[in-house]
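Asks: Got a structure here, written out as structure tokens. Questions coming.
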Amino acid sequence: METSIVGTGYVGLVTGVGLASIGHKVICVDIDAKKVEKINKGESPIYEKRLEELLKKALQKKLFIATTDLNYAVLNSQITFIAVPTPSKKNNDIDLSYMKKVSAQIGSALLNKKEYHIIVVKSTVAPETTLKVVLPLIEKYSKKKTGSGFGLCMNPEFLREGNAVDDFMRPDRIVIGEIDKQSGDNLAKVYKNFETDIIRTSLSNAEMIKYTNNALLATLISFSNEIANISEKIPGANAFEIFKGVYLDKRLNPVINGKRVNPQILSYLYPGCGFGGSCFPKDVKALVAFSNKKKYKPVLLSAVLDINKKQPLRLVKLTEQKIGNLKNKNIAVLGLAFKPETDDVRESPAIAIIKELVAKKANVFTYDPVVNAKNTHLHFKNFPFDHAQSLHQAVKNKDACLIVTNWKEFEKLTPEFIKSNMANHLFIDGRGFFHNKESEKINYLGIGLGNKKGASKES
Ligand code: NAD
């Protein structure tokens, strides 16, 4: 099928390259001309496993092009996916300005198109957005109605950054929210070779499935962090050990043919320094804002956000607990990406941590295996820090090293390595690296670990 995709970010580019790699003809559109040029040269503007390799192949097979011309893309395809940003506004509501602009542009393009066209909202939007915001704009600018003129679907994306290509190609499920059967049938054709469950539902249910999914996972993370924070008050407690006991509950981790399933959901029941990224924080905020507008106070989801806002700062508190006033202390922040295997730093816990360290006048040094100082600029502007080129350089001669992202490379920080290379260095563990190693040999404190005397004095 000839498809066009508006927005070439994590979702748009992965969708475009993914669809091209299974034989669809794809035109990707972006307003960023430099990005478009790069993509057409076979260079991925984002770091995702296999993305660049598949992009190059799709370009060679002439199944994929990128352009800044949305009109061209709509006129030369049968279906258009919208994958533009839906960021948080100051009041936590979602900013629909990108969606509105693109909906109007697609509508205008359809004015000059005789054939039936399908529009698919892939961006994450609050319930009723597709019906009450996108649809009226397309109708207004195209002067057409759904049914005869165009079809409309809401098809949320569940890919995880760091595993985006694989998640897109082998999804857990495909949710097709449809305004009518004809629209859904057409979108289902795009996915006909995907072996997975397909849920056909209403537009609002599809929108809500995405929010509910992210809200549940975010809740598990904040729940784990709350348990970790309580555990820190118990002398000698270890939240990781506590969760190990919980993981064995058959309702969480069934035994099938005598073997534990160990479902992935357990990895969300794991203490740390909080969730970040472009989705969980913004989506939970948007669901809270949506509920409030509907005159329902979502107490649980507000608490999830509240815990998450404070969680990264616990790393700074643990550091102070160990070395006192941070003024002029040399502190390494290990990991800038909000999670491993991505270069995305949006809403990364590292931002709150660096900001707090800078406010306390510490000298901040950072290291990340993938994120370089250049792509941090936008998110960390006005925070002075030095970016190290290697893990060794980052941790050398520091008063404390804070582990913020659980990059595999940080597994090098074994007690032996630390002892022989960095005697007396203090580690503040935000990702459970040291909880089950021979940690006694290291000078460290960690989230979820009550110290011998009775843990953190901070609330
Ligand atoms: P992104 O910021 O990485 O990319 C968005 C792209 O859209 C950018 O390249 C931008 O230049 C482009 N764009 C903006 N306005 C445009 C316009 N008028 N015309 C053409 N292009 C335009 O965003 P993303 O992370 O891919 O997220 C897109 C949507 O998908 C959001 O709603 C997000 O919540 C949702 N989502 C994201 C993820 C994720 O892991 N990143 C997962 C699932 C869903």
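Asks: Could you work out how far helix 299-323 tilts from the main Cα principal axis of the chain, as a 0 to 90 degree angle to the nearest 10?
Replies: Value to nearest ten degrees: 40.
Asks: Considering only C-alpha atoms, what is the centroid distance from the stretch 281-308 to the stretch 394-448, in Å?
Replies: Distance between centres, Cα-based: 35 Å.
Asks: Per residue of the stretch 124-140, what does 6.51 cos²θ - 1.76 cosθ + 1.60 with θ = phi - 60° give for ³J(HN,Hα)? Whole Hz please, x for Gly and Pro, Karplus curve as stated.
Replies: With the stated coefficients, the stretch 124-140 comes to 7, 9, 5, x, 6, 5, 4, 6, 9, 10, 5, 4, x, 5, 5, 4, 4 Hz.
Asks: Starting at the first residue of the stretch 206-220, write each ³J(HN,Hα) from the Karplus equation 6.51 cos²θ - 1.76 cosθ + 1.60 with θ = phi - 60°, in whole Hz, x for Gly and Pro.
Replies: For the stretch 206-220, the Karplus-derived couplings read 5, 4, 6, 4, 4, 5, 5, 4, 5, 5, 5, 5, 5, 5, 4 Hz, x marking Gly and Pro.
Asks: Now, a different point. For a quick check: with amide H placed at 1.01 Å from N, whose amide H comes under 5 Å from Gly446's, ignoring anything fewer than 5 positions away on the same chain?
Replies: Asp429
Asks: Please give the per residue accessible area of the stretch 237-332, computed with a probe of 1.4 Å over protein heavy atoms only, in Å².
Replies: Value for the stretch 237-332: 53 Å² per residue.
Asks: How big is the gap, in Å, between the Cα center of the stretch 166-227 and the Cα center of the stretch 1-69?
Replies: Rounded to whole Å, the Cα centres lie 22 Å apart.
Asks: Among Lys360/Lys396; Lys49/Lys285; Lys210/Lys412, which pairs are too far apart, with a Cα-Cα distance over 32 Å? Before the final figure, lay out the partial values.
Replies: Numbers: Lys360/Lys396 21 Å; Lys49/Lys285 29 Å; Lys210/Lys412 37 Å.
From the list (Lys360/Lys396; Lys49/Lys285; Lys210/Lys412), the Cα-Cα distance tops 32 Å for Lys210/Lys412.
Asks: Something else about it: Quick check: net charge around Ala388, other residues with Cβ under 12 Å of its Cβ, Lys/Arg +1 and Asp/Glu -1? Each step should come with its number before you reach the end.
Replies: Details: positive: Lys396, Lys398; negative: Asp368, Asp386.
Net charge in that neighbourhood comes out at 0.
Asks: Hey, another quick one. Which ³J(HN,Hα) values in Hz, rounded to whole numbers, follow from the phi angles of the stretch 51-62 under the Karplus curve 6.51 cos²θ - 1.76 cosθ + 1.60, where θ = phi - 60° and Gly and Pro get x?
Replies: 5, 5, 4, 5, 4, 4, 5, 5, 5, 4, 7, 6
Asks: May I pose another question? Quick check: net charge around Gln78, other residues with Cβ under 9 Å of its Cβ, Lys/Arg +1 and Asp/Glu -1?
Replies: Numbers: positive: none; negative: Glu2, Glu115.
Counting the neighbours of Gln78, the net charge comes to -2.
Asks: Per-residue ellipticity at 222 nm for the chain, helices alone: DSSP H runs ≥ 4 residues times -39500 (n - 2.57), over residue total, nearest 500 deg cm²/dmol? If you can, show how the numbers build up before the last one.
Replies: Working: 16 runs with 183 residues, N = 459.
After summing the helix terms and dividing by the residues of the chain, the value is -12000 deg cm²/dmol.
Asks: List the residues whose amide H sits under 5 Å from the amide H of Ile199, counting only those 5 or more places along or on another chain, with H placed 1.01 Å from N in the peptide plane.
Replies: Ile174, Val175, Ile176
Asks: Can you list residues from other chains, or at least 5 along the same chain, whose modelled amide H is less than 5 Å from the amide H of Val84?
Replies: Excluding prolines and chain starts, which carry no amide H, the hits are Ser123.
Asks: Size of the dipole of the chain about the Cα centre, Lys and Arg at +1 and Asp and Glu at -1 on the beta carbon, nothing else charged, in debye to 20?
Replies: Details: 68 positive and 47 negative charges, 141 e Å.
Using only the charged Cβ atoms, the result is roughly 680 debye.
Asks: Evaluate the charge dipole of the stretch 1-109 about its Cα centre and quote only its size in Debye, nearest 20, assuming +1 on the Cβ of each Lys and Arg and -1 on the Cβ of each Asp and Glu. The partial results should precede the final answer.
Replies: Working: 15 positive and 11 negative charges, 32 e Å.
Its charge dipole is roughly 160 debye.
Asks: Please give the net charge around Ala239, taking every other residue with its beta carbon less than 15 angstrom from that of Ala239, where Lys and Arg add +1 and Asp and Glu add -1. Don't jump to the answer; show the numbers that get you there.
Replies: Details: positive: Lys233, Lys244, Arg314, Arg431; negative: Glu226, Glu232, Glu241, Asp429.
The answer is 0.
Asks: Can you spot the aspartates and glutamates whose alpha carbon is less than 17 Å from Lys113's alpha carbon? Ignore those fewer than 8 places along the same chain.
Replies: Excluding near neighbours in sequence, the set is Glu2, Asp69, Glu139.
Asks: Of the listed peptides 319-329, 158-168, what is their order by residue-averaged count of other C-beta atoms within 10 Å, with the highest listed first? Intermediate values should be presented prior to the final figure.
Replies: Details: 319-329: 15.3, 158-168: 19.7.
Ranked by mean Cβ neighbours within 10 Å, highest first: 158-168, 319-329.
Asks: So what are the radius of gyration and Dmax for the Cα set of the stretch 76-187, in Å?
Replies: Cα radius of gyration and Dmax of the stretch 76-187 are 14.3, 41 Å respectively.
Asks: Heavy-atom accessible area per residue, the stretch 1-82, 1.4 Å probe: how many Å²? All intermediate terms of the calculation are to be shown ahead of the outcome.
Replies: Values: 3480 Å² over 82 residues.
Result: 42 Å² of accessible area for each residue.
Asks: Another question, if that's okay. What FRET efficiency do you get for Arg251 and Thr212 if R0 is 30 Å and r is their Cβ-Cβ distance, rounded to the nearest 0.05? Display every interim value, and only then the final one.
Replies: Working: r = 20 Å, r/R0 = 0.66.
The formula returns an efficiency of 0.90 here.
Asks: I've got another one for you. Can you flag which of Lys144/Lys297; Lys250/Lys310; Lys100/Lys294; Lys282/Lys317; Lys132/Lys282 are past 29 Å Cα-Cα? Please report the intermediate quantities before stating the final value.
Replies: Values: Lys144/Lys297 39 Å; Lys250/Lys310 32 Å; Lys100/Lys294 22 Å; Lys282/Lys317 26 Å; Lys132/Lys282 21 Å.
Check vs 29 Å cut-off fails for Lys144/Lys297; Lys250/Lys310.
Asks: Just flag the trypsin sites (Lys or Arg not before Pro) in the stretch 220-253 sitting in loop per DSSP whose Cβ has no more than 14 other Cβ atoms within 10 Å.
Replies: On the way: sites: Lys233, Lys244, Lys250, Arg251; in loops: Lys233, Lys250, Arg251.
Sparse-neighbourhood loop trypsin sites (Lys or Arg not before Pro): Lys233, Lys250, Arg251.
Asks: I would also like to ask the following. What is the percent carbon and sulfur in the accessible area of the stretch 244-318, measuring with a 1.4 Å probe over the protein chains and ignoring ligands? Write down the numbers at each step before the final one.
Replies: Working: 2580 of 4170 Å².
Of all accessible area on the stretch 244-318, carbon and sulfur atoms account for 62 percent.
Asks: Separate question: Equivalent-ellipsoid semi-axes (√(5λ), Cα gyration tensor) for the stretch 172-260, whole Å, largest first? All intermediate terms of the calculation are to be shown ahead of the outcome.
Replies: Details: eigenvalues 316, 67, 14 Å².
Ellipsoid semi-axes (Å, largest first): 40, 18, 8.
Asks: Okay, moving on. How big is Rg to Rh over the chain, alpha-carbon atoms, Rh as the Kirkwood inverse-mean-distance radius? Before the final figure, lay out the partial values.
Replies: Details: Rg = 23.8 Å, Rh = 23.7 Å.
Reported Rg/Rh (Cα atoms, Kirkwood Rh): 1.01.
Asks: In addition: Enter the angle in degrees (range 0 to 90, nearest 10) between the Cα long axis of helix 349-359 and the first principal axis of the Cα atoms of the chain, meaning the one along which they spread out most.
Replies: Once rounded, one gets 50 degrees.
Asks: Between Ser420 and Lys294, what FRET efficiency comes out of the Förster formula 1/(1 + (r/R0)^6) with R0 = 60 Å and r the beta carbon distance, rounded to 0.05?
Replies: The pair Lys294/Ser420 has a calculated efficiency of 0.50.
The values are calculated or read from the model by the stated rules, or taken from the named source; none is laboratory data. Worth saying up front: this structure is predicted, and the values here are computed from it rather than measured. We place every Cβ from the backbone using ideal geometry, glycine too, and count neighbours over all the protein chains shown. What goes into the accessible areas is simple: the full protein's heavy atoms, side chains included, and nothing from ligands, DNA or RNA. Shrake-Rupley method; radii C 1.70, N 1.55, O 1.52, S 1.80 Å.
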